[in-house]
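The values are calculated or read from the model by the stated rules, or taken from the named source; none is laboratory data. As the structure is a prediction and not an experimental result, all values here were calculated from the model. Every residue, glycine among them, receives a Cβ derived from its backbone with ideal geometry; neighbour counts consider all protein chains shown.
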Amino acid sequence: MFKKLAFVLCLLASSAASAYQDSFIALCYHDVKDSWDDDPTTVSVDVLLSHLSWIKTHNFHPVSIQDIVDARNGDKPLPENAVLLTFDDGYSSFYSRIYPALKSFHYPAVYGLVTSWMEIQQGQMVKYGSQLKPREDFISWPQVQEMVDSGLIEMASHTDDLHHGIISNPQNSSEPAATSRGYNPDTKSYESDNAFRARIDADLQKSADTLFQHLGKRPRALIWPYGSFSHETIGIARDNGFSVTMSLQDGMNNLYDLIAVKRHLITDNKTLADFAYTLTHFNESEPVRVAHVDLDYVYDKDPLQLDRNLDKLLDRMLSLHINTVYLQAYADPDGNGNADALYFPNRHLPMRSDLFNRVAWQLKTRARVNVFAWLPVLAFAVDAPDDWWVHELKDGKTMRSKNSYQRLSPFHHEAREFITEIYEDLAKNAHFYGVLFHDDAMLTDFEDMSPAALSHTKGLKPEEQMAVKVSALTDFTLHLAEKVRHYRPEIKTARNLYANVALNPASSAWLSQSLPNFLQSYDYVAVMAMPQMENAEKPSEWLTELINKIALHPQGLKKTVFELQAVDWKTRQPIPDEEVASQMELLQRHNALNFGYYPDNFLLNQPSLTMLKTMMSLETHPYGN
């Protein structure tokens, strides 16, 4: 906290902030009240005015959508430190409190209207999500027209009637209507792809038509409810004339990508110090703190026991105050690392339970963590032809590999399609933040000798074969990520790395993994920093060497998540809290700020919540120090 306050004081003493060429920041506000009432999406008038004043006095410049389009077209450049101000939901406070302030500063803004709410008569109620609010809480069409005529305010669609949740799984979870396949409890079936697309298309068309009817101009901007969108829905938006859409992802925007503008959501009556820090730290992120969770621990045949297990997990993650969970999306009851079944509807493997979507959504909304779907890349238990599988050279003969996981070959076209469709089904049926590619994505120096692989590697030198295998595994995971992004465009990627690959570059040939390749290809590298598993005689020295080796690489420590070991798999006993705590302390002392542990046994409180909160909670260590 002292670090943050010191920065802000220095900043306020300066008359200007750094400029970003060809880029802009977008901010998202909702309701503004005379005094704050603890509603997390509102701010008070005084706080809003302090934000607008700070923008004016610190060389930030509000711009309109037209300013951004003109800059993209080369007509005139954006000013330095450009800011796009946006306001969602159509509250009447925009006209009575916000619009006068914007006029006094002469600041342009974008205003998102839910058109079905606008059409409700005065004196009636508006269904706002799960709440009912008086129609008088929302703006009128004459007020909208007045603000449009001012030239300062551009009206955007916030959809016609997608600003709510729909039932999206058998457990009745309510998830964003714009990106969720509805689940029908009566028929026990999900909305078809065609029905989903028709529903979204009809809504966006109706919203655009309503705005045209009242304002005489079709909207070009669409604000996604809850910031939730997909490439699928973006395509539908384009077909309905929307050239700009907006999400709620944090980050800088560039002029040439307006189809999903990132907006920082202003919440909790953000203080001026926090506001200043936010506007000057858009390219920075907090340390990643991870609990790696087996969904097999949550699952139970008894629905009541399953609910109790889930409540324990959610309570623990909320209390822990971390920001990330790696959540198993496949079933592995025998613990051999192969996916015997999946926890989501899919085309190819048995579904043990339709559970992943429910748990991921609950972790996001109740425990407030980012959920990565943890899934194998190649190790799926399927009755497939022999030539689909990874083969090895053993005793001078080529045979299906019995080494480690039973893996499908990343070189075989049909095997790749099979796996790709599993990832597509995951993305279509669940909301999540990222994908963790399992450590099964490896090939030894005696693999892959399958016919499909030999067509790529036969006749090459050993080092050339290794390069081909490294690239094949990485390219396939990136292909899977792109397929997931069709439904979940903002996902991050992480991939498990064996520690020896970082410690000894020669081991790249033994595992077909490469630390420089991973750092370049993924958002995060989840290195298995597990000295006990590696039989290290001196665990602390081993871990220190691992940190130092990774630190030699550009962005090595910034992009690496160190996964510690919470169980000794040789003895099947928990590793003592004191040992785990010592390793977490060592990581932080050496500036390895992204770390976590596996597994989290929330049922038995192992590792203990008390120790974890002390050593890794972001409430305790907000900056990792």
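Okay, here's what the table says:
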read-out: Flag for residue 334 being under 22 Å from residue 404 (Cα atoms) and either assigned to a loop (DSSP other than H, G, I, E, B) or not assigned by TED's automatic domain parsing to the domain that holds residue 558 (or both); value: yes
read-out: Residue match in the range 387-404 (condition: within 30 Å of residue 190 (Cβ to Cβ) and outside the structural domain of residue 320 (by TED's automatic domain parsing)); value: yes
read-out: Filter result for residue 214 (more than 30 Å from residue 357 (Cα to Cα), not in a strand (DSSP E or B) and not acidic (Asp, Glu)); value: yes
read-out: Residue satisfying condition, being assigned by TED's automatic domain parsing to the domain that holds residue 434, among the aliphatic types (A, V, I, L, M) and in a helix (DSSP H, G or I), within set 497, 480; value: 480
read-out: Of all residues in the range 94-125 being within 21 Å of residue 213 (Cα to Cα) and in contact with a Leu (Cβ under 8 Å, 6 or more places away or on another chain), the one that is surrounded by the most Cβ atoms within 10 Å (Cβ to Cβ); value: 113
read-out: Qualifying positions in the range 398-416 - among the hydroxyl-bearing types (Ser, Thr, Tyr) and modelled with pLDDT under 95; value: 398, 401, 404, 405
read-out: The range 548-592 - residue that is surrounded by 21 or more Cβ atoms within 10 Å (Cβ to Cβ) and of a type in the set (Gly, Ala, Ser) and, of those, nearest to residue 335 (Cα to Cα); value: 566
read-out: Members of the range 171-181 found to be within 16 Å of residue 129 (Cα to Cα) and either in contact with a Cys (Cβ under 7 Å, 6 or more places away or on another chain) or of a type outside the set (S, T, N, Q) (or both), listed by number; value: 175, 176, 177, 178
read-out: Subset of the range 128-145 that is touching a strand residue (DSSP E or B) at 6+ places or on another chain (Cβ under 8 Å) and assigned to a strand (DSSP E or B) - its residue that is nearest to residue 98 (Cα to Cα); value: 138
read-out: Selection status of residue 446, touching a residue at least 12 places away in the same chain (Cβ under 8 Å), more than 19 Å from residue 324 (Cα to Cα) and among the aromatic types (Phe, Trp, Tyr); value: yes
read-out: Counted residues, the range 524-547 - those being loosely packed, with under 15 Cβ neighbours inside 10 Å and touching a residue at least 12 places away in the same chain (Cβ under 8 Å); value: 1
read-out: Pair list, Cβ under 7 Å, 6 or more apart: the range 166-192 residue hydrophobic (A, V, I, L, M, F, W, C), other residue in a strand (DSSP E or B); value: 166/174; 166/175; 167/174; 167/183; 177/165; 177/166
